[in-house]
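Trainee: Dropping a structure here in structure tokens format, bear with me for questions.
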């Protein structure tokens, strides 16, 4: 196992073409699980290929442990990779698939046999060893692909969307299994996905990417609670964060956001008091679970608003209720036993301290959170690309 | 796409369809039947009967005479076809492997240039090629024809393999590289074992093309080095002596049998080669 | 700091690995550049010289092309190509499409029937030519057969009729290639989305109408490829003429490919032969370039 550090990594496919990767800077400790997440075309797979040595970087350095591997060929980097398509060699049996890399590295046959046995036991694929990949189910192929990676005991494991070819149920199962495996083996892992739930559940660290740039690098909690910009806020979370464009006003010396449901209005006092924010176009971000039904005791303390229910979507664990605030559709995540009828009026309440503000033009975060949270979190958030 | 009715009723239109198809089958078969019948007739029989009349006496004299005439050329054709097929298929496989899995700057351009070779009218290269063969001392040899067939078969063989290999996920090669395998190891251990169908297609395509070639044969060979197609043409188109149609037809059958045999045995690959080479070419 | 960047140099093995793809492709690149494009250029150059039996490099400008255009035989060959090509392509397409559509109707023994339609494609044009030369033999071939069968007035002597000999080439070529067109269209038909036909049926269209208005138009790409291939076969047709008619009677069944061969290699008119080869290339390009253009554009629109 080893640490991984990317120092100002750049990648371009030729002069004049846009950079595929731009000033990528991140590092993880030994045994950490790093998630690269972003929409397709964001450069996450290219970055992974660069770490593997399958593509060359055009600037910066990739450090594995204390060694700069930037110019090395893939085979010398001591890396194993699990591919989205699994990339099992179709003409070889499962055993031969796992052995292939070991044989090429001229490991003695006795050691190979021991290693295959260990991996097969670990992944419970002993009974599959003599089958061909074509005879395996998707989940079994996935295990074999992982087995092939584990057999070499490399310094770093790379996973390229390994679960995205599985059906929904199996995906959840394998996700848990991977987490268990990582907790047990403590392998340094880089994991590419476009699935924000995988990012949140699996990662020790998450790097959210877009257009070849790391938008934010931090723990899942930081990314979720304290997104660096509108993109990160919108990408992470399901159902996604609500965004309400509005103009901040000053009332009685405090900055307030005026919300209007068509039936009622409410003033949301802002926790920040920056003069620069006054009378400015901003986007107010509010996660669905942060809008709750006003209950008797808290009603007096937090701002409330009455709003008409337009659509309800009972999902089982929650009921999603959609209302309109300032002409934006807003999703509220309420308890499942609340089943308001369409057209009914609900009294909703918000915690102003949890409201996020973004610049309407640049999408950058404005101000900071409520003091209690900012002390806890803001200190160690790594923020990049704040141009 | 198959027609939709679950149990096609025996309607008038279906009878008509079957009738057309069966008549077409007969029409396609007539030349082959005529060739066979004629080849087993005696010259007198040919004069008195007609194309489809049964031989009054079945005789193999036509076949014996034909074989005596074209035997040497028949082996020439093998001598030319077998090495040319094997070499051009091997090079095509390697080219296809590079062009799909190891692309580099300019390799796509090269592929484009090569593709044009599938459409190249060979008349435009005959003269320079014959000068070159002369310079190499290969004029009028079967080796020279092997060389020519390899060169001008490359476009198709490369196309076959390249189009087949682009459908193999590149991740396979990436995985093998991370496993520590090099260029040739990946080819031999991973790619080649997956290539059986396209190797068959390519071998059969090249075999039929080269066996059936006449243009290169007639231009680049003479006398003893000629392939069967040229010999057949000489036999059929000589104006000296009485025409022995039974010998002509037997010789034509001999010239056609190897490719016909391949077609019957491996028709699936033959059709696939035709449509792959054609549709994508 | 201990983490000093050590820039590892590539080992000789790695360097070789990096060059291997290029090394492997190099011979083919050489062959293509020289054997394809170099030779075309060479032929192009020869077409501007007065080479006869041996290549000379005395340039005579466009004189060889002028001679070619003054040559009656070249015009006969070109006209024959137009007639032969047009009829060969047209009839092969009609026959091929018809057989494909009929075969697509859940026919019993479809595989066997397909095999019969396609076998001529496995034969050499020389074999085909030999067979059809015999079938079309005036006095002994089909001519006699149909009379023996009772059609007293039947005459089939096209093979020796300078005005009709080119139709003989068409018959033999259609026999050889139409099965191939059938195979191409059958493959295309098998790829047509069933639901389109279902939708048309629900709309109340009859089967022939569905094929004509819905199914066949969706096979446009196959149609173009097929025409392309047939045109290519027609322009390159040499062996069929050689075996069936050798260009005769006289030179009434000459085609450009035959013309090129006999002027270049038999009559020692290398310059003019080269000029005719270049014109053949021009003909191929004239159909190939628009085809490739539309192909590429279609791909970009995907």
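Trainee: Within region C:188-210, identify whether any single residue is in contact (Cβ under 8 Å) with a residue 12 or more places away in the chain, assigned to a helix (DSSP H, G or I) and closer than 23 Å to residue B:30 by Cβ, and answer yes or no.
Mentor: No.
Trainee: Read through the list (1) out of contact with any helix residue (DSSP H, G or I) (no Cβ under 9 Å at 6 or more places or on another chain); (2) more than 9 Å from chain B (Cβ to nearest Cβ); (3) at pLDDT below 90; (4) part of a helix (DSSP H, G or I), then give the number of the only condition that residue C:61 fails.
Mentor: So the condition that residue C:61 fails would be (4).
Trainee: Given the conditions (1) assigned to a helix (DSSP H, G or I); (2) more than 12 Å from chain C (Cβ to nearest Cβ); (3) under 19 Å from residue C:147 (Cα atoms), and given that residue B:27 satisfies all but one, which numbered condition is not satisfied?
Mentor: (2)
Trainee: For region B:180-204, how many residues are in contact (Cβ under 8 Å) with a residue 12 or more places away in the chain and outside any helix (DSSP H, G or I)?
Mentor: Going through region B:180-204 one residue at a time, the tally reaches 1.
Trainee: Now a separate question. May I ask you to list the residues in region A:89-140 that are part of a helix (DSSP H, G or I), over 22 Å from residue A:177 (Cβ atoms) and away from chain B (no Cβ under 14 Å)?
Mentor: A:109, A:110, A:111, A:113, A:114
Trainee: Restricting to region A:38-52, name every residue that is within 14 Å of chain B (Cβ to nearest Cβ), touching a helix residue (DSSP H, G or I) at 6+ places or on another chain (Cβ under 8 Å) and buried (at least 22 other Cβ atoms within 10 Å of the Cβ).
Mentor: A:52
Trainee: State whether one or more residues within region C:81-93 are at the interface with chain B (Cβ under 7 Å from one of its Cβ atoms), out of contact with any strand residue (DSSP E or B) (no Cβ under 6 Å at 6 or more places or on another chain) and closer than 23 Å to residue C:191 by Cα.
Mentor: No: region C:81-93 contains no residue that is at the interface with chain B (Cβ under 7 Å from one of its Cβ atoms), out of contact with any strand residue (DSSP E or B) (no Cβ under 6 Å at 6 or more places or on another chain) and closer than 23 Å to residue C:191 by Cα.
Trainee: Let me ask another. Just one of (1) within 22 Å of residue B:93 (Cα to Cα); (2) touching a strand residue (DSSP E or B) at 6+ places or on another chain (Cβ under 8 Å); (3) surrounded by 24 or more Cβ atoms within 10 Å (Cβ to Cβ) trips up residue B:208, so point out which.
Mentor: All conditions are met except number (2).
Trainee: For region A:53-64: of the residues being part of a loop (DSSP other than H, G, I, E, B) and surrounded by fewer than 18 Cβ atoms within 10 Å (Cβ to Cβ), which is nearest to the other protein chains (Cβ to nearest Cβ)?
Mentor: In this case the residue turns out to be A:56.
Trainee: Looking at region B:22-45, which of its residues are modelled with pLDDT under 90 and either surrounded by fewer than 19 Cβ atoms within 10 Å (Cβ to Cβ) or over 12 Å from residue B:250 (Cβ atoms) (or both)?
Mentor: The answer is B:42, B:43, B:44, B:45.
Trainee: Now a separate question. Check residue C:126 against each of (1) in a helix (DSSP H, G or I); (2) more than 26 Å from residue B:205 (Cα to Cα); (3) within 13 Å of chain B (Cβ to nearest Cβ) and name the one condition it does not meet.
Mentor: Among (1) in a helix (DSSP H, G or I); (2) more than 26 Å from residue B:205 (Cα to Cα); (3) within 13 Å of chain B (Cβ to nearest Cβ), the lone unmet condition for residue C:126 is (2).
Trainee: Would you tally the residues in region B:205-247 being closer than 20 Å to residue B:39 by Cβ and free of Cβ contacts under 8 Å to residues at least 24 places away in the same chain?
Mentor: Adding up the residues that qualify gives 7.
Trainee: For region A:1-28, give me each residue that is in contact (Cβ under 8 Å) with a residue 60 or more places away in the chain and assigned to a loop (DSSP other than H, G, I, E, B).
Mentor: A:1, A:2, A:3, A:18, A:19, A:20
Trainee: Could you say which residue among C:294, C:276, C:262 is assigned to a helix (DSSP H, G or I) and surrounded by fewer than 16 Cβ atoms within 10 Å (Cβ to Cβ)?
Mentor: C:294 is the lone residue from the list that is assigned to a helix (DSSP H, G or I) and surrounded by fewer than 16 Cβ atoms within 10 Å (Cβ to Cβ).
Trainee: So residue B:242 clears everything in (1) away from chain A (no Cβ under 14 Å); (2) assigned to a helix (DSSP H, G or I) except one condition, right? Which one?
Mentor: (2)
Trainee: What's the number of the condition residue C:26 fails, among (1) part of a helix (DSSP H, G or I); (2) in contact with a helix residue (DSSP H, G or I) (Cβ under 9 Å, 6 or more places away or on another chain); (3) within 14 Å of chain B (Cβ to nearest Cβ)?
Mentor: (2)
The values are calculated or read from the model by the stated rules, or taken from the named source; none is laboratory data. Not measured: the values here are computed from a predicted model. Reconstructed Cβ throughout: ideal geometry from the backbone, glycine too, with neighbour counts over all protein chains shown.
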